[in-house]
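The values are calculated or read from the model by the stated rules, or taken from the named source; none is laboratory data. Please read these numbers as outputs of a predicted model, since none were measured by experiment. Because the Cβ atoms are built from the backbone with ideal geometry, glycine has one as well, and the counts that use them run over all protein chains shown.
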Amino acid sequence: MENKSHAFWAGLFTIGLLVAIGLAVFFFNVDRTVRVPYDLVARTNVTGLYTDADVRYRGLGVGKVTSIKFDHANPGQIRIRIEVDKNAPITQSTFATLGFQGVTGIAFVQLDDTGKNPAPLTSSTQNVASLPLRPGLFDQLQQRGDILIKKFERIADDADRFLSDDMRDQVQQTAKSLQGAADSIAVLSKQVGPVAEQLPRTLNQLDRTLASTNALANSLSRSDGPFVTNMNRAGEAAERAGRVMNEVNESLQEMAARVGYETLPRVNSLADDVGSAARSVDHAAETFNRNPRSLLFGAPQPTPGPGEPGFQWPSAPSNPSK
């Protein structure tokens, strides 16, 4: 009986321990996060996306995919129901894309936000809000595959043209030209060698020349130097010459004033006297020409005029017609 009792309590303890372990596992695995449903509207392929796939907001896990089904109201569209943590910042400008985990091909939903409209996007079980599902990287590559192929073909054609015989000849000629230029540079470097050897001496001479120039500049800039002394003497001589020129100008002005106020009136008076004398000589010469006897007997008396003694009226001319 004691063995049976011991086995009973051992079995009961084992069953209780298993129940406790199950309750602990259930308690710790229960997800108590409050999630809000959203619908993703997809017009592109959703390859690799399955139910219970992760939903991440900029890399942080915020929910799960609950269902994937066709949108019968809009043929060609797929509605993906996701449940997102209520604390996730879902706004009016939030959008979704598909991301892939490594090389497994398993997809997950990546949420992001443009920031254009920061107003919160409200959603509930009765009124589920919709988010756009934009094309992912692979979808964009598929859509632009024709353009990329055409560009690759153009690049291949350019490469073929570049590798043609003519281009190879041009490249060879260019290489030969570069080789000739390199040889010329080598020859020039050899010629420049002797000049480079003389460069230190030239620099030393240049340093001495600069030192001499600095000494000359310092001597010229000194107030007691010969240059400043000579310039001061030249300034004093110029100042004395200016005073002499001022005195000469004053003397010339005084002489001009005297000539204008004293000499010129006398010269004018002398000129008038000379003119009067010349007129008298002309009158005497004219009288001598008309009557040379006037030199011995004097000038004849002028004929008396009317009212003067000895004046006689001229007689009237006779009329020959009578």
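Points to keep in mind about this one:
- Of all the listed residues (206, 199, 216), the sole one being of a type outside the set (D, E, K, R), at pLDDT 80 or above, out of contact with any helix residue (DSSP H, G or I) (no Cβ under 7 Å at 6 or more places or on another chain) and in a helix (DSSP H, G or I) is 206.
- Selected residue (criterion: surrounded by the fewest Cβ atoms within 10 Å (Cβ to Cβ)) from residues of region 96-125 that are over 22 Å from residue 49 (Cβ atoms) and β-branched (Val, Ile, Thr): 125
- Being at pLDDT below 75 and in a helix (DSSP H, G or I) is a property that residue 267 has.
- Every test in (1) of a type in the set (Val, Ile, Thr); (2) out of contact with any Ser or Thr (no Cβ under 8 Å at 6 or more places or on another chain); (3) over 14 Å from residue 37 (Cβ atoms) is passed by residue 84 save one, and that test is (3).
Residue-wise test of (1) of a type in the set (Ser, Thr, Tyr); (2) part of a loop (DSSP other than H, G, I, E, B); (3) closer than 21 Å to residue 134 by Cα.
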site	(1), (2), (3)
14	yes, no, no
20	no, no, no
40	no, no, yes
69	no, no, yes
76	no, yes, yes
83	no, no, yes
98	no, no, yes
105	no, yes, yes
109	no, no, yes
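- Residue that is modelled with pLDDT of 85 or more and of a type in the set (Gly, Ala, Ser), where the choices are 63, 48: 63
- Matching entry among 179, 143, 126 (being modelled with pLDDT under 75 and either in contact with a Cys (Cβ under 9 Å, 6 or more places away or on another chain) or of a type outside the set (Asp, Glu) (or both)): 143
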